[in-house]
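Visitor: A single structure is presented below for examination.
The values are calculated or read from the model by the stated rules, or taken from the named source; none is laboratory data. The shown structure was predicted, so the numbers you read here are calculated from the model rather than taken from an experiment. Positions of Cβ are generated from backbone atoms using ideal geometry, with glycine treated the same way; all protein chains shown enter the neighbour counts.
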């Protein structure tokens, strides 16, 4: 999200899901949309039926790639290069939106000079996308009346993740495709409340509604609301916490419904870090790999056993409603936290219901201030919604950007942190698949889903398989500098030559034993999507 | 037999589809799509259609646990929370607020994320709070 904040001033999906259907061109990159956001994919395919061009640029030819009007396979981590290439073509052909660029953005001349080096022929060498395809994509997107960009973790989980996002924002701004219906730069959130967790300030640098902890005035507001003194320096990110735990600089952690033992890169390092803590609390619904390492395990509940709100990927605040009583002695997570706060001697942790908590959220969070439990019974409200009579905001940046002028950023392509070499000659990329979700805590305990795919697998290109004598379903070894796993081979043209793909849901054959924890310097996102591996028969 | 349909939000991806959770005699037994919802419009993916299945799984945690001499023992809520509060406050006192960290969750509600964030900042006194948005 750091990329969109730098470019636009606000880090969220710019437009809403309902608008996709009326786009004329939808450019999808780093998103396996039909498998991971199926109901958004439906809307995109409906747009295609109505005449929109769908363009997919992805290292894997997934189902949405198969269905696309134009599909291009880029080399892993080459995104800044091909995006600069598109902008190069759009500027040199005169297809850019001169009025939008001069009226609403800054940095155009620098960007123009920067992308001048990124000619289609040069892009073909770096990214593997043919020069003719670069030109074709540039024309389709730039000439569309309403062009929409959709991306997901395939763009962000790189050391250049922030650069990739800013490059997408450049592309949208240069063509005037932001701040109006059915356009924009749209990150799809992977979990049902990632947007909400960010909005509510579960981030080391901001309180709720992206109010910075370093801002004295805002901090004073929260000090007054909570009746305590607050710290004004930015805290540690998840990766920094893990590294500090590993080095003995963090004494304790409280983990609520997360499973870093499967979701974080370089799992062996994570285990050492968590084992090194003096005190670990895990609050979850199952005995996860992380919970096994805890000193205290607190049983929370599923969505079915609690009330509350959840904010989806297009900034809509929606209700979660209690349908059944908590199982056994488990308690809703909000209640556990409220009880713990009271035990720690804090007087204003006395909440009777989630709505009680929500009212406090409304009072301190301008973007949520007009969205009440009562209103969302009957209305679909997207934040920002600052007052009780505000209709909510379908698309952001209409007329002006959150930061004023949109910032066009001049960015150079950088190689991924770990490129193939003689010892590790192939590349690994990771992701999700249709029947499972994240670390499998929910889906692997759902018989109908578990039945579909029971174990990890590795996708191998037919030419690579042939060269090594690997056959379908054969168990093979995949090793990186950080560890080694085994998984059954699926031989498929989905992946290109020299690239293998492993889903990260499975503890047996866990892809994240292999992944590289090298971080994007701004967003601190690890490079899950590229590392060097060797693939061998067992 | 008592049968209810409770409108709620799917626990999986960020699309935010709503569905009716079908409850028979206090048990979640099925899922029915919501035709009027602006995203799902009466359809669901295979994960959504099966979103009730893990709720009553027999492996669900049902009691607070404390690890004593390397083994988990079932304890009361009071004991678990008293012990947790005591250990957290000890760490705050001994090595300072910033020697503690919180991982919040993209699978929990807004209210829960708010409370964990408030616990971190307002009670422990540290901004070391994050979740897996970047992962």
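Visitor: Look at region A:245-268 and say how many of its residues are touching a strand residue (DSSP E or B) at 6+ places or on another chain (Cβ under 9 Å) and surrounded by fewer than 21 Cβ atoms within 10 Å (Cβ to Cβ). Outline the logic, then answer.
Guide: Our first condition is that a residue be touching a strand residue (DSSP E or B) at 6+ places or on another chain (Cβ under 9 Å); within region A:245-268, this holds for A:245, A:250-260, A:264-268.
In the following step, the residues that additionally are surrounded by fewer than 21 Cβ atoms within 10 Å (Cβ to Cβ) were identified as A:268.
Qualifying residue count, region A:245-268: 1.
Visitor: Among the residues that make up region A:354-364, is at least one of them on the phi < 0 side of the Ramachandran plot and not in a helix (DSSP H, G or I)? Can you show your working first?
Guide: Within region A:354-364, the subset on the phi < 0 side of the Ramachandran plot is A:354-364.
From what is left, the residues that are not in a helix (DSSP H, G or I) are none.
The answer is no, given that none of the residues of region A:354-364 is on the phi < 0 side of the Ramachandran plot and not in a helix (DSSP H, G or I).
Visitor: Can you spot a residue in region A:384-403 that is assigned to a helix (DSSP H, G or I) and more than 9 Å from chain B (Cβ to nearest Cβ)? Even if it seems obvious, please write down each step before you answer.
Guide: Filtering region A:384-403 for residues assigned to a helix (DSSP H, G or I) gives none.
Checked region A:384-403: no residue is assigned to a helix (DSSP H, G or I) and more than 9 Å from chain B (Cβ to nearest Cβ).
Visitor: For region B:99-108, does any single residue satisfy the condition of being in contact with a strand residue (DSSP E or B) (Cβ under 9 Å, 6 or more places away or on another chain), facing another protein chain (nearest Cβ under 7 Å), surrounded by fewer than 24 Cβ atoms within 10 Å (Cβ to Cβ) and part of a helix (DSSP H, G or I)?
Guide: yes
Visitor: Of the residues that sit in region A:342-362 and are more than 7 Å from every other protein chain (Cβ to nearest Cβ) and touching a residue at least 60 places away in the same chain (Cβ under 8 Å), which one is farthest from residue B:19 (Cα to Cα)? First the steps, then the outcome.
Guide: Within region A:342-362, the subset more than 7 Å from every other protein chain (Cβ to nearest Cβ) is A:342, A:345, A:347-353, A:355-356, A:359-360, A:362.
Now narrow it down to the ones that are touching a residue at least 60 places away in the same chain (Cβ under 8 Å): A:347-348, A:360.
Values: A:347: 37, A:348: 35, A:360: 28 Å.
Per the criteria, the residue is A:347.
Visitor: If you go through region B:10-27 one residue at a time, do you hit one that is assigned to a loop (DSSP other than H, G, I, E, B), over 18 Å from the mean Cα position of the chain (by Cα), surrounded by fewer than 21 Cβ atoms within 10 Å (Cβ to Cβ) and more than 8 Å from chain A (Cβ to nearest Cβ)?
Guide: Within region B:10-27, one or more residues are assigned to a loop (DSSP other than H, G, I, E, B), over 18 Å from the mean Cα position of the chain (by Cα), surrounded by fewer than 21 Cβ atoms within 10 Å (Cβ to Cβ) and more than 8 Å from chain A (Cβ to nearest Cβ).
Visitor: Same structure again: Across region A:259-298, what is the total count of residues that are assigned to a loop (DSSP other than H, G, I, E, B) and in contact (Cβ under 8 Å) with a residue 60 or more places away in the chain? Break it down stepwise before answering.
Guide: The initial filter retains those residues of region A:259-298 that are assigned to a loop (DSSP other than H, G, I, E, B), namely A:259, A:264-266, A:276-278, A:285-290, A:294-295.
Still in the running and in contact (Cβ under 8 Å) with a residue 60 or more places away in the chain: A:259, A:264-266, A:285-286, A:288-289.
Total meeting the criteria: 8.
Visitor: Within region A:153-182, which residues are surrounded by fewer than 24 Cβ atoms within 10 Å (Cβ to Cβ) and at positive phi?
Guide: A:176, A:179
Visitor: Now for a different question. Out of the residues in region A:307-322 that are in a loop (DSSP other than H, G, I, E, B) and at the interface with chain B (Cβ under 7 Å from one of its Cβ atoms), state the one that is farthest from residue A:384 (Cα to Cα).
Guide: Let us first name the residues in region A:307-322 that are in a loop (DSSP other than H, G, I, E, B), namely A:307, A:312-315, A:321-322.
This time we only want the ones that are at the interface with chain B (Cβ under 7 Å from one of its Cβ atoms), so: A:312-313, A:321.
On the way: A:312: 13, A:313: 14, A:321: 23 Å.
This residue is A:321.
Visitor: Which condition does residue A:339 not pass, out of (1) facing chain B (nearest Cβ under 7 Å); (2) buried (at least 18 other Cβ atoms within 10 Å of the Cβ); (3) out of contact with any helix residue (DSSP H, G or I) (no Cβ under 6 Å at 6 or more places or on another chain), if it passes all the others?
Guide: Status for residue A:339: all satisfied but (3).
Visitor: Only one of these conditions is not met by residue A:46: (1) surrounded by fewer than 21 Cβ atoms within 10 Å (Cβ to Cβ); (2) closer than 23 Å to residue B:48 by Cα; (3) modelled with pLDDT under 95. Which number is it?
Guide: For residue A:46, the exception is condition (3).
Visitor: How many of the residues in region B:110-134 are part of a loop (DSSP other than H, G, I, E, B) and surrounded by 24 or more Cβ atoms within 10 Å (Cβ to Cβ)? Even if it seems obvious, please write down each step before you answer.
Guide: The first filter runs over region B:110-134 and keeps only residues part of a loop (DSSP other than H, G, I, E, B), leaving B:125-128, B:131.
Subset that is surrounded by 24 or more Cβ atoms within 10 Å (Cβ to Cβ): B:127-128, B:131.
The number of residues fulfilling the criteria is 3.
Visitor: For region A:59-72, which positions are part of a loop (DSSP other than H, G, I, E, B) and surrounded by fewer than 23 Cβ atoms within 10 Å (Cβ to Cβ)?
Guide: Here is the first cut: in region A:59-72, the residues part of a loop (DSSP other than H, G, I, E, B) are A:59, A:61-62, A:68-69.
A:61, A:68, A:69 - these are the residues of region A:59-72 that are part of a loop (DSSP other than H, G, I, E, B) and surrounded by fewer than 23 Cβ atoms within 10 Å (Cβ to Cβ).
Visitor: Next up: For region A:287-321, give me each residue that is under 16 Å from residue A:336 (Cα atoms) and touching a helix residue (DSSP H, G or I) at 6+ places or on another chain (Cβ under 9 Å). Please lay out each step first, then the result.
Guide: Taking region A:287-321 first, the residues under 16 Å from residue A:336 (Cα atoms) are A:296-303, A:305-308.
Those that are under 16 Å from residue A:336 (Cα atoms) and touching a helix residue (DSSP H, G or I) at 6+ places or on another chain (Cβ under 9 Å): A:296, A:297, A:298, A:299, A:300, A:301, A:306, A:307, A:308.
Visitor: Take the residues of region A:442-466 that are part of a loop (DSSP other than H, G, I, E, B) and more than 8 Å from every other protein chain (Cβ to nearest Cβ): which is nearest to the chain's Cα centre (by Cα)? Step through it out loud before you land on a result.
Guide: First, pick out the residues of region A:442-466 that are part of a loop (DSSP other than H, G, I, E, B): A:442, A:446, A:453-456, A:461.
Next, only the ones that are more than 8 Å from every other protein chain (Cβ to nearest Cβ) stay: A:453-456, A:461.
Values: A:453: 24, A:454: 25, A:455: 24, A:456: 22, A:461: 26 Å.
Ranking the candidates gives A:456 first.
Table: residues versus (1) in contact with a helix residue (DSSP H, G or I) (Cβ under 6 Å, 6 or more places away or on another chain); (2) without any contact (Cβ under 8 Å) to a residue 40 or more places away in the chain; (3) part of a helix (DSSP H, G or I).
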| site | (1), (2), (3) |
| --- | --- |
| A:166 | yes, no, yes |
| A:173 | no, no, yes |
| A:178 | yes, no, no |
| A:181 | yes, no, no |
| A:185 | yes, no, no |
| A:189 | yes, no, no |
| A:196 | yes, no, yes |
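Visitor: If we keep just the residues of region A:191-225 that are under 10 Å from residue A:364 (Cβ atoms) and more than 7 Å from chain B (Cβ to nearest Cβ), which is surrounded by the most Cβ atoms within 10 Å (Cβ to Cβ)? First the steps, then the outcome.
Guide: Step one: list which residues in region A:191-225 are under 10 Å from residue A:364 (Cβ atoms), which gives A:201, A:207-209, A:211, A:218, A:221-222, A:224-225.
Keeping just the survivors that are more than 7 Å from chain B (Cβ to nearest Cβ) gives A:207, A:209, A:211, A:218, A:221-222, A:224-225.
Details: A:207: 25, A:209: 20, A:211: 19, A:218: 19, A:221: 16, A:222: 19, A:224: 10, A:225: 15.
Per the stated criteria, the residue is A:207.
Visitor: Only one residue in A:365, A:380, A:393 is over 30 Å from residue A:176 (Cβ atoms) and in contact (Cβ under 8 Å) with a residue 60 or more places away in the chain. Which one?
Guide: When all the criteria are applied, what remains is A:365.
Visitor: When residues of region B:49-72 are filtered for being closer than 19 Å to residue A:275 by Cα, in contact with a strand residue (DSSP E or B) (Cβ under 8 Å, 6 or more places away or on another chain) and either more than 7 Å from chain A (Cβ to nearest Cβ) or surrounded by fewer than 21 Cβ atoms within 10 Å (Cβ to Cβ) (or both), how many remain? Explain how you work it out, then say what you get.
Guide: So in region B:49-72, the residues closer than 19 Å to residue A:275 by Cα come out as B:65-72.
With in contact with a strand residue (DSSP E or B) (Cβ under 8 Å, 6 or more places away or on another chain) added as a condition, the list becomes B:65-67, B:72.
Those still in the list that are either more than 7 Å from chain A (Cβ to nearest Cβ) or surrounded by fewer than 21 Cβ atoms within 10 Å (Cβ to Cβ) (or both) too: B:66-67, B:72.
Within region B:49-72, residues that are closer than 19 Å to residue A:275 by Cα, in contact with a strand residue (DSSP E or B) (Cβ under 8 Å, 6 or more places away or on another chain) and either more than 7 Å from chain A (Cβ to nearest Cβ) or surrounded by fewer than 21 Cβ atoms within 10 Å (Cβ to Cβ) (or both) number 3.
Visitor: Still on this structure, please answer the following. Could you check region B:34-46 and list, in sequence order, the residues that are farther than 14 Å from residue A:380 by Cβ and more than 10 Å from every other protein chain (Cβ to nearest Cβ)? Give the derivation first.
Guide: The initial filter retains those residues of region B:34-46 that are farther than 14 Å from residue A:380 by Cβ, namely B:35, B:42-46.
Passing the criteria: B:35, B:42.
Visitor: Quick one: which residue in B:119, B:115 is without any contact (Cβ under 8 Å) to a residue 24 or more places away in the chain, facing chain A (nearest Cβ under 7 Å), touching a strand residue (DSSP E or B) at 6+ places or on another chain (Cβ under 8 Å) and under 17 Å from residue A:335 (Cα atoms)?
Guide: Numbers: B:115 fails: touching a strand residue (DSSP E or B) at 6+ places or on another chain (Cβ under 8 Å).
After applying the criteria, what remains is B:119.
Visitor: If you don't mind, there's one more thing I want to ask. If residue A:301 satisfies all but one of (1) touching a strand residue (DSSP E or B) at 6+ places or on another chain (Cβ under 8 Å); (2) more than 7 Å from chain B (Cβ to nearest Cβ); (3) assigned to a loop (DSSP other than H, G, I, E, B); (4) crowded, with 21+ Cβ neighbours inside 10 Å, what's the number of the condition it fails?
Guide: Going through (1) touching a strand residue (DSSP E or B) at 6+ places or on another chain (Cβ under 8 Å); (2) more than 7 Å from chain B (Cβ to nearest Cβ); (3) assigned to a loop (DSSP other than H, G, I, E, B); (4) crowded, with 21+ Cβ neighbours inside 10 Å one by one, residue A:301 breaks only (1).
Visitor: Let me ask another. Can you tell me which of (1) more than 7 Å from chain A (Cβ to nearest Cβ); (2) more than 20 Å from the chain's Cα centre (by Cα); (3) modelled with pLDDT of 95 or more is the one residue B:87 doesn't meet?
Guide: Here residue B:87 clears every test but (1).
Visitor: Something else now. Kindly provide the set of residues from region A:255-273 that are over 23 Å from the mean Cα position of the chain (by Cα) and within 11 Å of chain B (Cβ to nearest Cβ), ordered by number.
Guide: Listed by number, the list holds a single entry, A:273.
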